[in-house]
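Some notes on the structure that comes next.
No lab work stands behind these numbers, since they all come straight from the coordinates. These figures come from a predicted structure and were not determined experimentally. A quick note on method: Cβ atoms are made from the backbone with ideal geometry, for glycine too, and the neighbour counts reach across all protein chains shown.
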Amino acid sequence: SSYISGVSSNFNGDTSNWRIFFTPIMAGLFNVLVNDDHFRVLDSSLHFRVTPGRMYPSACVPSWKGLMNEFVAGTKAAVLILPRDAFGNNVSSASEGSNTYNFTVFSSNANGSIATLLNVTYMGWDEFGYLSIEFIAATAGN
């Protein structure tokens, strides 16, 4: 399944006491249906909600604000980061609270030399659920 992982059950020798374990990997509201003909468990439906996990930097998706990727040296540029958990679920400011993050911002020219950035500023969450970082592009080039 693309929603859960690692399903297992445990009776501990007592078939009147069921324990079913699974690991949800997708955020949302779900229904689990348990059926077992041998033990006459028929259509036992349970609802559960899964919230996103903690932000996982490697799964986050960066993009240029306004889809602009060309800037005049000395002007402000903005990068948006779509925060996601380790399973790709979107993380929101509601689930993360007021946590602050340390992002490493690095820039280089097409030839690999270091490009200078000035005034790198973490702007926080925007109204669309992105984290925003602004900086001043100080070096001309690609």
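Phi angles across the range 63-77 convert, under the Karplus curve 6.51 cos²θ - 1.76 cosθ + 1.60 with θ = phi - 60°, into 3J(HN,Hα) values of 7, 7, 5, x, 6, 8, 10, 10, 9, 7, 3, x, 9, 7, 10 Hz, Gly and Pro given as x. Computed over the range 57-137, the Cα gyration tensor eigenvalues convert (square root of 5λ each) into semi-axes of 25, 14, 12 Å, ordered from largest to smallest. Under a 5 Å amide H to amide H cut-off, with H placed in plane at 1.01 Å, what residues pair with TRP64 once short-range neighbours are removed? Sorted by chain and number, the residues that satisfy this are LEU80.
Would you tally the net charge around ASN119, using a Cβ to Cβ cut-off of less than 9 Å, leaving ASN119 out, and scoring K and R as +1, D and E as -1? Every neighbour counted, the sum reads 0.
Would you mind computing Rg(Cα) / (2.2 N^0.38 Å) for the chain, counting N as its residues? Before the final figure, lay out the partial values.
Details: Rg = 23.2 Å, N = 142, 2.2 N^0.38 = 14.5 Å.
Ratio of Rg to 2.2 N^0.38 Å for the chain: 1.60.
When the dipole is taken about the Cα centre of the chain, and only Lys, Arg (+1) and Asp, Glu (-1) are charged at their Cβ, what size is it in debye, to the nearest 20?
Working: 7 positive and 10 negative charges, 44 e Å.
Using Cβ point charges on Lys, Arg, Asp and Glu, the chain gives about 220 debye.
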